[in-house]
Amino acid sequence: MRNVMIHHRVFFCCTKPLSILPSLSPPHLRLSYSAAAAAASSPNRAIHCMANDSPLSQPLTGGDGSVSVPPPSPASSAIDFLSLCSRLKTTPRAGWGKRDVKNPESIADHMYRMGLMALISSDIPGVNRDECIKMAIVHDIAEAIVGDITPSCGIPKEEKNRRESEALEHMCKLLGGGERAEEIAELWREYEANTSPEAKVVKDFDKLELILQALEYEQEQGKDLEEFFESTAGKFQTDIGKAWALYIASRRRKQQ
């Protein structure tokens, strides 16, 4: 009798560190993330791996009864990556919730306005504006998995960086690797290192977006969010950052 390999649907559920995921996730598995598992307070993330139902993921049976699985298509990798990034649209920035701000901005809201800051800023000698725009779009991308980890979470900076690095690596593999994935990873690493002129500008935009949003919440909801202004005071690295921060502060004084 001829031996026939039978294809089974497989379901994995794990709470191990993300670093082991590549060994658990064959290329034909689709990844989805449960909302409960994304809480930033949890050091591990439950990740559910389910067999992809798309025709491209179905096994091919050879004449000898063997089964082979085609790799994911570029479209599949792109959509899986974008579906994961949708969590950035629904995950609130943690600091606002701790101050009882109603309907706080999401991580994606924050990154979008930073992208606009880079887009409308004047040309700066020695600074690649297009790179700043892209860096602003991806600088918090790992938070799609780890959530928004703030200083008040009590997590050491080194541990925060480790979690985000592992999350970024996993997201780039989900995208399928290649040139675009490496570009995202390099932009993220450059921002974290804060050594290039572009990274310094985007770091300032990160703080500027924070205090501008704080000002708007004060105006809209009658909050006192002084601590956010204090936490960024004296930390701007560029001329544009300092100039915009001074103007935001002056506008705040006028309303008080």
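Structure notes:
- The string of couplings for region 204-220 from the Karplus curve (6.51, -1.76, 1.60, θ = phi - 60°) is 5, 4, 4, 6, 5, 5, 4, 6, 5, 5, 4, 4, 5, 5, 4, 5, 7 Hz, one whole number per residue in order, with x for Gly and Pro.
- All-pairs Cα distance distribution in region 81-166, expressed in whole percent, bin size 5 Å: 3, 14, 20, 20, 19, 14, 8, 2, 0
- Amide H contacts of S106: R93, each under 5 Å away and 5 or more positions distant or on a separate chain (H built 1.01 Å from N in the peptide plane; Pro and chain starts excluded).
- Per residue solvent-accessible surface (Å²) - region 67-221, probe of 1.4 Å: 47
- With 27 Å as the limit on Cα-Cα distance, the pairs of K98/K134; K89/K160; K134/K160 that go past it are K98/K134.
- Phi to ³J(HN,Hα) by Karplus 6.51 cos²θ - 1.76 cosθ + 1.60 over region 81-89, Hz, x for Gly, Pro: 5, 5, 5, 5, 5, 4, 4, 5, 7
- Estimated translational diffusion coefficient (Stokes-Einstein, Kirkwood radius over Cα pairs, 10 °C, 1.306 mPa s) of region 199-256: 139 µm² per second.
- Per-residue ³J(HN,Hα) for region 242-256, Karplus 6.51 cos²θ - 1.76 cosθ + 1.60, θ = phi - 60°, Hz, x for Gly and Pro: 5, 5, 5, 5, 4, 5, 4, 5, 5, 5, 5, 5, 5, 7, 7
- Its convex hull of Cα atoms gives region 74-254 a direction-averaged projected area, equal to a quarter of the hull surface, of 10.6 nm².
The values are calculated or read from the model by the stated rules, or taken from the named source; none is laboratory data. Note that the structure is a prediction, hence the values are computed from the model and not measured. Just so you know, the surface numbers come from the protein's heavy atoms only, side chains and all, with ligands and any DNA or RNA stripped out. Shrake-Rupley method; radii C 1.70, N 1.55, O 1.52, S 1.80 Å.
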